[in-house]
Amino acid sequence: MSRILITGGAGFVGSHLARTCLAKGHQVHLIIRPGSDDERVQDLRGGVIRHNFDLLSEHALKYCISEVQPEYIFHLAARPRRQEAPDLSDAMEGMREQTHGLIGLLGAAAMAPRPPKVMIRTGSLAEYGSAPAPFQEGMREAPVNAYGAELTAAAHLVGALQRRLSFPVVTARLALVYGAFQSTAYLLPWLITRCLAGEPSVVRHPEDRRDLIYVDDAVDGLLCLADAQTPGGTIVNIATGFAPSMREVARLIVAETGADPSLIEYGAASGSSGIPDFRADTALARNLMSWTASTPLAEGLIRTVAWYRERRRPERPYDRGQLPVLSHTKGSGAP
């Protein structure tokens, strides 16, 4: 049994990671920002140990790390969505959280009585932005928004500080993660719930291609990376390497939900969000840790649709502690 600390533990990927670690018999600690929606981990109250404070609270963070002495730290805390402000205050706040929070966490871990064996922090393929696909870890990033730029800055900050740390810090750049518990502010769950409800939807950029990874695969990739003894400062894509068009994804969702195809309206085929091909090269993950995503998109969508369908049944309120048993089959963009 290992002591595992997860920042952003109440989030979409964090809650799945916590469940998997508990199932493996580990002692799991979650750092949850006060005021966060903790609905995803309500059923884990008896299993995980919660620490409710903001990562920017230096005293609370140092005390937590000193007391827990985690062997593995997964740094998942991030807020990818902020309203853009004319005075760029959104970018200032994002940089403060990404870099100040990261430095505080690194410093607290470095000064702990027993530093961790490894820290895994999550980034995003959004860091590559408009760079040519497939995205390779060694290429120059070209983020197209503040969120991607903030994560890029944090990844390079880790590389610059690594020589001063006694433990490796590895960055996992995640593809667009989807699955149970994801907010309907993101395209896939939004489209699924509207199809299940028989409501019309619009896919604005149907020819844009997106690398979509099922959440169980993303969690498996993070855990494999933690065990891989990867050199500190390494950046690894955790993705599928496959990027279907959003038209193809929408049609799969329509077929699985049984919705009327006429409910889906598609934008112009010539339109794009600015990143027409959002796809990763996954060779490094295969070479470093013999890892590949194992859940085909169709299979992942079957599981995801079944989960949202189950939640819609008023006569059977969903018990979040019991994921449905389904036949085997870190998020897509906003609607």
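The values are calculated or read from the model by the stated rules, or taken from the named source; none is laboratory data. Predicted model, so just to flag it, every value in this text is computed and none were measured. Please note: Cβ atoms are built from the backbone with ideal geometry, for glycine as well, and neighbour counts cover all protein chains shown.
State the number of residues belonging to the stretch 116-133 that are farther than 30 Å from Pro244 by Cβ and crowded, with 19+ Cβ neighbours inside 10 Å.
In the first step, residues of the stretch 116-133 are kept if they are farther than 30 Å from Pro244 by Cβ; the result is 116-119.
Keeping just the survivors that are crowded, with 19+ Cβ neighbours inside 10 Å gives 116, 118-119.
Here the count works out to 3.
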Residues that are part of a loop (DSSP other than H, G, I, E, B), within 17 Å of the chain's Cα centre (by Cα) and not aliphatic (A, V, I, L, M), drawn from the stretch 6-32: Gly8, Gly9, Gly11
Test: Phe278 is under 19 Å from the mean Cα position of the chain (by Cα) and surrounded by 20 or more Cβ atoms within 10 Å (Cβ to Cβ): yes
Pick from the stretch 165-190, criterion under 25 Å from Gln83 (Cβ atoms) and aromatic (Phe, Trp, Tyr), ranking: surrounded by the fewest Cβ atoms within 10 Å (Cβ to Cβ): Trp190
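Residue-by-condition table, conditions (1) closer than 22 Å to Arg210 by Cβ; (2) at pLDDT below 95; (3) buried (at least 23 other Cβ atoms within 10 Å of the Cβ):
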| site | (1), (2), (3) |
| --- | --- |
| Arg79 | yes, yes, no |
| Arg82 | yes, yes, no |
| Ala91 | no, yes, no |
| Thr99 | no, yes, no |
| Ile103 | no, no, no |
| Pro113 | no, yes, no |
| Phe135 | yes, no, yes |
Any hit, the stretch 237-246, residues being surrounded by 17 or more Cβ atoms within 10 Å (Cβ to Cβ), in contact with a Phe, Trp or Tyr (Cβ under 7 Å, 6 or more places away or on another chain) and closer than 12 Å to Asp211 by Cα: yes
Positions within the stretch 191-216 being closer than 25 Å to Arg40 by Cβ, buried (at least 21 other Cβ atoms within 10 Å of the Cβ) and of a type in the set (A, V, I, L, M), in sequence order: Leu191, Ile192, Leu212, Ile213, Val215
Within the stretch 137-164, tally of residues that are buried (at least 21 other Cβ atoms within 10 Å of the Cβ), farther than 17 Å from Gly104 by Cα and of a type in the set (Gly, Ala, Ser): 1
Failed item in (1) touching a Pro at 6+ places or on another chain (Cβ under 7 Å); (2) part of a loop (DSSP other than H, G, I, E, B), with Ile275 passing the rest: (1)
Failed item in (1) under 28 Å from Glu199 (Cβ atoms); (2) in contact with a helix residue (DSSP H, G or I) (Cβ under 7 Å, 6 or more places away or on another chain); (3) surrounded by 17 or more Cβ atoms within 10 Å (Cβ to Cβ), with Ala293 passing the rest: (1)
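Conditions (1) among the basic types (Lys, Arg); (2) crowded, with 17+ Cβ neighbours inside 10 Å; (3) under 27 Å from Ala146 (Cβ atoms), marked per residue:
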site: Asp43; (1), (2), (3): no, no, no
site: Val48; (1), (2), (3): no, yes, no
site: Leu61; (1), (2), (3): no, yes, yes
site: Tyr72; (1), (2), (3): no, yes, no
